[in-house]
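Some notes on the structure that comes next.
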Amino acid sequence: MTITTAVFDAYGTLFDVAAAARQAAAEPAFPALADRWADLAAHWRLKQLQYSWLRAVTGAHTDFWAVTQDGLDWALEATGLDGDAALRERLLALYWELGAYPEVPAMLAALKRNGLNTAILSNGSPDMLDGAVQSAGVAGVLDAVLSVESVGVFKPDSRVYDLVGQHFGCARHEVLFVSSNGWDAAAAAGYGFTTAWVNRAGEPVDRLPWRPDTILSDLTTIPDLAAKA
């Protein structure tokens, strides 16, 4: 079996979703965030995901920017920071400028040198993804940025994973799919992709019918993994 295409989830996988709260907490304008930013970031990410799942199963789709704002509003209230319009505006602005994890540019460049197709497959809306890709400076090492907006449903619906084969004309077994979400890597494995879960936080494996093929602590070894798969 030969891997021809490496596909990555975006938020939390290539781009650091905690960066917005961490950056705002370091700014003098928001002292109340200094000791609460980590909790806010965790709540924000969890609600963002939960709302995407609930909208997927109920058929109540909206774009990921709306979900991101709803998740932030819940997180601000949960941490006692609601009512600060300036803080909300700043956090949302920073979300469009998320940086990549340190190993990402070199890892993607190595995949391209090895002749692989590279892509993002994300719940993010096209505009959000373009902002993150440009901010992180990785546009030149990505062949495609695929958004769920073209099918109108969030992951892990199989129609989202279908986008990879439709774009690249590759078989499922030719795809290495990489995600920081255990449920995403597991569902993609069930779909037929070879999968890697980037488990940066050392979390337990999700109790699902499928499991990721490989579990990593960061993305550094992805080019080696793709070559050996």
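Only one residue in A201, A187 is open to solvent by less than 30 Å² (accessible area, probe 1.4 Å) and without any contact (Cβ under 8 Å) to a residue 60 or more places away in the chain, so which one is that?
A187
Going by the structure shown, is L87 touching a residue at least 60 places away in the same chain (Cβ under 8 Å), in a helix (DSSP H, G or I) and closer than 30 Å to A229 by Cα?
No, not satisfied.
Looking at (1) touching a residue at least 24 places away in the same chain (Cβ under 8 Å); (2) under 19 Å from V178 (Cα atoms); (3) aliphatic (A, V, I, L, M), which one does A106 not meet, given that it meets all the others?
Of the numbered conditions (1) touching a residue at least 24 places away in the same chain (Cβ under 8 Å); (2) under 19 Å from V178 (Cα atoms); (3) aliphatic (A, V, I, L, M), the odd one out for A106 is (1).
Given region 111-229, what helices (runs of 4 or more DSSP H) lie entirely inside it while holding 1 or more residues that are in contact with a Leu (Cβ under 9 Å, 6 or more places away or on another chain) and under 20 Å from L49 (Cα atoms)?
126-136, 158-168, 182-191
Okay, residues lined up against (1) small (G, A, S); (2) touching a helix residue (DSSP H, G or I) at 6+ places or on another chain (Cβ under 9 Å); (3) open to solvent by less than 20 Å² (accessible area, probe 1.4 Å); (4) under 22 Å from N181 (Cα atoms):
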site: V17; (1), (2), (3), (4): no, yes, no, yes
site: A21; (1), (2), (3), (4): yes, yes, yes, yes
site: A41; (1), (2), (3), (4): yes, yes, yes, yes
site: Q48; (1), (2), (3), (4): no, yes, yes, yes
site: L54; (1), (2), (3), (4): no, no, no, yes
site: V57; (1), (2), (3), (4): no, no, no, yes
site: Q69; (1), (2), (3), (4): no, yes, no, yes
site: L72; (1), (2), (3), (4): no, yes, yes, yes
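If S135 passes every condition in (1) within 18 Å of the chain's Cα centre (by Cα); (2) modelled with pLDDT of 95 or more; (3) within 19 Å of A18 (Cβ to Cβ) but one, which one does it miss?
So S135 meets the others, but not (2).
For the structure I just gave you, tell me whether A226 is within 17 Å of the chain's Cα centre (by Cα), at pLDDT 95 or above and either under 25 Å from G169 (Cβ atoms) or open to solvent by 40 Å² or more (accessible area, probe 1.4 Å) (or both).
Criteria not met by A226.
Of all residues in region 79-106, which are within 18 Å of L49 (Cβ to Cβ), modelled with pLDDT of 95 or more and surrounded by 16 or more Cβ atoms within 10 Å (Cβ to Cβ)?
Within region 79-106, T79, L91, Y95 meet the criteria.
Residues of region 50-65 being in a helix (DSSP H, G or I), farther than 13 Å from V148 by Cβ and not polar (S, T, N, Q), which ones?
The answer is Y51, L54, V57.
Looking at Q23, is it without any contact (Cβ under 8 Å) to a residue 40 or more places away in the chain and out of contact with any Pro (no Cβ under 6 Å at 6 or more places or on another chain)?
Judged against the criteria, Q23 is not a match.
If A34 satisfies every condition in (1) open to solvent by 40 Å² or more (accessible area, probe 1.4 Å); (2) aliphatic (A, V, I, L, M); (3) touching a residue at least 24 places away in the same chain (Cβ under 8 Å) but one, which is the exception?
Result: A34 fails condition (3) only.
Tally time: how many residues in region 91-110 are over 24 Å from D63 (Cβ atoms), outside any helix (DSSP H, G or I) and in contact with a strand residue (DSSP E or B) (Cβ under 8 Å, 6 or more places away or on another chain)?
Qualifying residue count, region 91-110: 1.
The values are calculated or read from the model by the stated rules, or taken from the named source; none is laboratory data. Here the structure is a predicted model, which means the values were calculated and not measured. Note that each Cβ is placed from the backbone with ideal geometry, even for glycine, and that neighbours are counted across all protein chains shown. Side chains are part of the model used for accessible areas, which takes the heavy atoms of the whole protein and leaves out ligands, DNA and RNA. Shrake-Rupley method; radii C 1.70, N 1.55, O 1.52, S 1.80 Å.
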